[in-house]
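Visitor: Got a structure for you, written out below as structure tokens; questions coming shortly.
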Amino acid sequence: MAKKSIKIRAKLKGDTTQVKTLMTHPMETGLRKDKKTGKLIPAHFINEVTAESGGKTVMTAYWSGGISKNPYLSFSFDGASAGDEVTISWKDNQGGSDSASAKIK
Amino acid sequence: MTTNIKRRVFLKGSVAAGTVGIAVGAGLLAPQAVLAAWPKAAFEAKSIDDALKNAMGDASSSASDAIKIKAPDIAENGAVVPVSVSASLDGAESIALLAEGNAQPLVATFAMGAGALADVSTRIKMGKTSDVIAIVKAGGKLHSARKSVKVTIGGCGG
Amino acid sequence: MRLRTFAAAAVCALAATTVMADKRAADTSPAEDLKTYRDYFQKRFPGVPLNEFGNGVYAIDNVSRDSWNAVEEFPPYEPMIEAGQAIWDARFANGKRLGSCFGGDPAQRGNFPYWDAKRKMVVTLPLAINECLESNGEPPLPYRKGRIADLLAFMSYRSRGQKINVEIPDDPDAIAAYNAGKSFYFARRGQLNFSCAHCHFESAGMNVRTDVLSPALGHTSGWPVYRSKWGELGTLHRRFAGCNRRVRAKPFAAQGTEYRNLEYFLSHVSNGIEYNGPSARK
């Protein structure tokens, strides 16, 4: 896994902060076969993503392997100001996790 | 199994600890805590109804044009189908996103926390041509919208 | 069976065109070719500005353009640009860095490919990178994907906006290399007996199975490319190999003479279009 697996862009427009984030992850469903060996590739996907800002959880997402490889998520929330931080964290079904923060612009 | 029993199973299975359930009941926690653990049964369900009962506590929803789904009419590649869901419903708490034609239709749930708008975008896999369904829970009721997406290259196999 | 349907379609299209029927490569000069091909595509796709052709099939296919725009909004190759920068910044065992071979500037895309008169060969950017590594005692990188693709993503990103501007010097060897690339492009091959031009000239804009065929114009601008199908970045020569295989022909080695000459020709066809790599494709 890449060292930094999460990229975040957070922009304030009026009262609303729009957060766009891209995660690096294989998102294997567990239903796909390896082309060379013919064996099933074990499920390996992010199943939980949380977003926090100002000490509050603004979004909790639960995912299946049905989200595309190198997942993208965007969402919006009210109540933050420019310069505040947004923290995105993910966990996957194999116990992996990562977290990153960015300032709202 | 009746809906009611399933719903109870859902509550038990997806709330991390009993105390959290009580806390929610007492209004101590924000609504996002309702889905306090990955709803396995919902994601592994093969039918839309089972997925919804397990993820949203109910399978019946009413169609709503307050929900907008943005997705391509024809997906370039089923492995990466950009989908956006937004809803102008008061008190929207959570969104479930499903691809009707997938072996396991539930793709994602989103629980809106502090200040969050019902407005999410992501990219999903679609195994074949089917509807993308968005279910939005607002005011304790489920509202739904669907949009058909033609898939020429499936995204679930190789 | 689907292939047969397509073959028939391509043959129909072929009958309607006069771009380069059965001429020999040497019959026209590079400058003449540039004008002929550009005119051909601009007539074929009226209203598409020249620079738009750098976006491949999305220049001409509005249906897929929407999805593509949504993906380019936060493209999956972004982390790879950073990974490439780390490779650019890393020190070799001898203390130097890649920049020492490139005047310290990663924005090199517009300087390649070029004709090296001394060595009598086309030099591409990936080739120059590996030559740099080897001359510093570092192992070369495999050409199709992985670290070299990351590095190219970084260098191409820094080069965005430079224009493709390939010169074919008035040197018989350079012209021969160009003509070899051109002949390659128009030569039928594989069990399906198709040339590159059958698909990307004559049939551009038509459907083959589930794909709309992109015009050859601009084909070299957007590399490296993150293809959803690959789920990763790949290089231009990886794509050349894929298109050879598509017609069940044996691919050539990435960065071998054949593909370098092909890149020389194909880049020249696209002169004037901005480099816009890396990019996303389905």
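Visitor: Considering only DSSP beta bridges with both partners in the stretch B:38-151, what is the antiparallel share in %, to the nearest 5? Walk me through the intermediate numbers first.
Guide: Values: 31 of 35 bridges.
Here the antiparallel bridges make up roughly 90 percent for the stretch B:38-151.
Visitor: Between 0 and 90 degrees, rounded to the nearest ten: what's the tilt of helix C:125-135 against the longest Cα principal axis of chain C?
Guide: 30 degrees
Visitor: Mind checking which of C:ASN94, C:PRO139, C:LEU127 is farthest towards the positive end of the stretch C:78-158's charge dipole, using Cβ charges of +1 (Lys, Arg) and -1 (Asp, Glu) about the Cα centre?
Guide: Toward the positive end, the furthest listed residue is C:LEU127.
Visitor: Hey, any idea what % of chain C's accessible area is carbon plus sulfur with a 1.4 Å probe? Intermediate results must be reported in sequence, preceding the final value.
Guide: On the way: 6390 of 12450 Å².
The C+S portion of the solvent-accessible surface of chain C is 51 percent.
Visitor: First check a/c for chain A, with a ≥ b ≥ c the square roots of the eigenvalues of its C-alpha gyration tensor; if it is under 1.5, answer rounded, and if not, answer prolate when a/b is larger than b/c or oblate otherwise.
Guide: Details: a/c = 2.75, a/b = 2.72, b/c = 1.01.
Taking the square roots of the gyration eigenvalues as a ≥ b ≥ c, chain A is prolate.
Visitor: Further, regarding this structure: Taking the alpha carbon gyration tensor of the stretch C:78-158, what are the square roots of 5 times its eigenvalues, largest first, to the nearest whole Å? Can you show the working numbers first?
Guide: Numbers: eigenvalues 74, 48, 28 Å².
In descending order, the three semi-axes are 19, 15, 12 Å.
Visitor: Dipole of the protein assembly as shown, Cα-centred, from +1 at each Lys and Arg C-beta and -1 at each Asp and Glu C-beta, to the nearest 20 debye?
Guide: Details: 71 positive and 51 negative charges, 287 e Å.
Computed charge dipole of the protein assembly as shown: roughly 1380 debye.
Visitor: A follow-up question, please. May I ask you to derive the FRET efficiency for A:GLN94 and A:LEU12 from their Cβ-Cβ distance with R0 = 35 Å, giving the value to the nearest 0.05?
Guide: 0.50
Visitor: I would also like to ask the following. When the label point is put 7 Å from the Cα of A:ILE41 along its Cα-to-beta-carbon vector, which residues of the stretch B:54-98 have a backbone N closer than 16 Å?
Guide: Backbone N within reach: B:78-81.
Visitor: Still on this structure, I have one more. Along Cα→Cβ, 7 Å out, is where each label goes; now give me the distance between the ones at C:ASN111 and C:ASP171 in nm to one decimal.
Guide: 1.6 nm
Visitor: Follow-up question, since we're still on this one. On C-alpha positions alone, give me the angle between the axis of helix C:257-269 and the longest principal axis of chain C, in degrees, nearest 10.
Guide: 70 degrees
Visitor: Next question. Using a 1.4 Å probe on the protein chains only, how many percent of the accessible area of the stretch B:38-151 belongs to carbon and sulfur? Before the final figure, lay out each step's value.
Guide: Working: 1960 of 4030 Å².
Heavy-atom surface of the stretch B:38-151 belonging to carbon and sulfur, 1.4 Å probe: 49 percent.
Visitor: Right, next: Return one whole number: the accessible area per residue of the protein assembly as shown in Å², for a 1.4 Å probe. Intermediate results must be reported in sequence, preceding the final value.
Guide: Details: 24330 Å² over 545 residues.
Here the residues of the protein assembly as shown average 45 Å² of exposed surface.
Visitor: Say each of B:LYS141 and A:LYS56 gets a label point 7 Å from the Cα, pointing the same way as Cα to Cβ; how far apart are those two points in nm?
Guide: 2.6 nm
Visitor: Right, another one. Grab the other residues whose beta carbon is less than 12 angstrom from that of A:ILE46, score K and R as +1, D and E as -1, and report the net. Can you show the working numbers first?
Guide: Details: positive: A:LYS69, A:LYS91; negative: A:GLU28, A:GLU48, A:ASP92, A:ASP98.
Within the 12 Å Cβ shell, the charges total -2.
Visitor: Using unit Cβ charges (K, R positive; D, E negative) and no other charged atoms, how large, in debye to the nearest 20, is the dipole of chain C about its Cα centre? Don't jump to the answer; show the numbers that get you there.
Guide: Details: 37 positive and 29 negative charges, 205 e Å.
In debye, rounded to 20, chain C gives about 980.
Visitor: List the accessible area buried at the contact between A and B, summed over both sides and calculated with a 1.4 Å probe, in Å² to the nearest 100.
Guide: On the way: alone 6810 and 8530 Å², together 12880 Å².
Chains A and B together bury approximately 2500 Å².
Visitor: With a 1.4 Å probe and every protein chain kept in, tell me what percent of the accessible surface of chain A is carbon plus sulfur.
Guide: Working: 2470 of 5070 Å².
Percent of accessible area from carbon and sulfur atoms in chain A: 49.
Visitor: Between 0 and 90 degrees, rounded to the nearest ten: what's the tilt of helix C:78-89 against the longest Cα principal axis of chain C?
Guide: It works out to around 40 degrees.
Visitor: What does the extension gain come out to for C:GLU138 and C:ASP39, with contour length at 0.36 nm per residue minus their alpha carbon separation?
Guide: Numbers: separation 99, 0.36 × 99 = 35.64 nm, distance 4.51 nm.
Length difference between fully extended and current span is 31.1 nm.
Visitor: Where does chain C land at 222 nm, in deg cm²/dmol rounded to the nearest 500, when only DSSP H runs of n ≥ 4 count, each adding -39500 (n - 2.57), divided by all residues? Mind showing how you got there, number by number?
Guide: Working: 9 runs with 115 residues, N = 282.
Calculated at 222 nm, the ellipticity per residue is -13000 deg cm²/dmol.
Visitor: Another question, if that's okay. Compute the distance in nm between two label points, each set 7 Å from the Cα along the Cα-to-Cβ direction, one at C:ARG24 and one at A:SER101.
Guide: Between C:ARG24 and A:SER101, the simple spin-label model gives 7.1 nm.
Visitor: For the stretch C:71-134, which chymotrypsin sites (Phe, Trp or Tyr not before Pro) are both in a DSSP coil and crowded by at most 15 other Cβ atoms within 10 Å? Each step should come with its number before you reach the end.
Guide: Working: sites: C:TYR77, C:TRP88, C:PHE92, C:PHE102, C:TYR114, C:TRP115; in loops: C:TYR77, C:PHE92, C:PHE102.
Answer in residue order: C:PHE92.
Visitor: Let's see if you can work this out: charge +1 on each Lys and Arg Cβ, -1 on each Asp and Glu Cβ, no other charges. What is the dipole magnitude of the stretch A:6-103 about its Cα centre, in debye to the nearest 20?
Guide: Numbers: 14 positive and 10 negative charges, 122 e Å.
Computed charge dipole of the stretch A:6-103: roughly 580 debye.
The values are calculated or read from the model by the stated rules, or taken from the named source; none is laboratory data. Not measured: the values here are computed from a predicted model. Methodologically, a virtual Cβ is constructed for each residue, glycine included, from the backbone with ideal geometry; neighbour enumeration extends over all protein chains shown. In case anyone asks, the SASA skips ligands and DNA or RNA and just uses the protein heavy atoms, side chains included. Shrake-Rupley method; radii C 1.70, N 1.55, O 1.52, S 1.80 Å.
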